[in-house]
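Undergrad: Dumping the structure here so I can ask a few things about it.
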Amino acid sequence: MIPLLILSKDLKLIENYIDKLKVGNLFLKISPLSKEYSIEDIKNIKKEAKIYNPKTRIYYLENFHLSSIPAQNSFLKLLEEPPSNVQFILSTNNKNGL
């Protein structure tokens, strides 16, 4: 599935869009364990995404601009080649942060 990048400062608009995607799918909202997404957070997401599940899984990483550059680089391969039934959605209010 093609990953999505949502760029907006309107949080209500993002929430409405995300709510529509939740219907009929396994939806997982991911938040960083600290103030930013770390490499360890990304490793955990990679492990989770590789587990087979017949239902479509949507991983929503809110405010992904809060991730470190090493974490973004670590996530890139998975983002480019996700498992067939997994979709990633990244949101940011700062396109220059990615």
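The values are calculated or read from the model by the stated rules, or taken from the named source; none is laboratory data. All values derive from a computational prediction rather than experimental measurement. Glycine gets a Cβ as well: all are built from the backbone with ideal geometry, and neighbour counts include every protein chain shown. When the accessible area is computed, the model is the full protein with side chains, heavy atoms only, and any ligands, DNA or RNA have been set aside. Shrake-Rupley method; radii C 1.70, N 1.55, O 1.52, S 1.80 Å.
Undergrad: Compute the length gained on full extension between K12 and N73: take 0.36 nm times their separation in residues and subtract their Cα-Cα distance, giving the result in nm to one decimal.
TA: Value of the extension gain: 19.1 nm.
Undergrad: Within straight cross-link reach of K50, meaning Cα distance under 15 Å, which aspartates and glutamates are found once same-chain residues fewer than 8 apart are removed?
TA: Within the straight-line cut-off, K50 pairs with D41, E80, E81.
Undergrad: Springs between alpha-carbon atoms under 10 Å, Gaussian network over the chain: tell me which of L79, L26, L66 tops the mean-square fluctuations.
TA: Sorting by GNM fluctuation, first place goes to L26.
Undergrad: Tell me which GluC sites (Glu not before Pro) from region 9-68 have a DSSP coil assignment and no more than 15 other beta carbons within 10 Å of their own.
TA: Counting only loop positions with at most 15 other Cβ atoms within 10 Å, the GluC sites (Glu not before Pro) in region 9-68 are E36.
Undergrad: Cut-off under 19 Å on the C-alpha distance; same-chain residues fewer than 8 positions from K12 excluded. Which aspartates and glutamates are left, in chain and number order?
TA: E62
Undergrad: Could you tell me how many cubic angstrom of Cα convex hull volume the chain has per residue?
TA: In the chain, the Cα convex hull volume per residue is 90 Å³.
Undergrad: Leaving out same-chain residues fewer than 8 places away, which lysines sit with a Cα under 20 Å from that of K9?
TA: Partners found: K20, K29, K35, K95.
Undergrad: Then there's this: Based on the alpha carbons, how large is the Rg to Rh ratio for region 51-98 when Rh follows Kirkwood?
TA: Taking Rh as the inverse mean 1/r over Cα pairs, Rg/Rh reads 1.01.
Undergrad: For the chain, what does the helix formula give at 222 nm: sum of -39500 (n - 2.57) over DSSP H segments with n ≥ 4, over the residue count, nearest 500 deg cm²/dmol?
TA: -11500 deg cm²/dmol
Undergrad: Highest GNM mean-square fluctuation, the chain, Cα pairs closer than 10 Å: which of P70, P32, P54?
TA: Per the Cα network of the chain with a 10 Å cutoff, P54 tops the list.
Undergrad: Follow-up question, since we're still on this one. Quick check for me: using +1 on Lys/Arg Cβ and -1 on Asp/Glu Cβ, what's the dipole size of the chain about its Cα centre, in debye to the nearest 20?
TA: 180
Undergrad: Under a plain spin-label model, where a point goes 7 Å from the Cα along Cα-to-Cβ, how far apart in nm are K46 and S34?
TA: Each label point is offset 7 Å from its Cα along the Cβ direction, giving 1.9 nm.
Undergrad: K12: accessible area at probe 1.4 Å, nearest 10 Å²?
TA: 130
Undergrad: Hey, if you put +1 on the Cβ of every Lys and Arg and -1 on every Asp and Glu Cβ in region 1-88, which of S67, L5, I45 ends up farthest toward the positive end of that dipole?
TA: The residue sitting most towards the positive pole is I45.
Undergrad: If I ignore ligands, DNA and RNA and count only protein heavy atoms, how much of V23 is accessible to a 1.4 Å probe, in Å² to the nearest 10?
TA: 110
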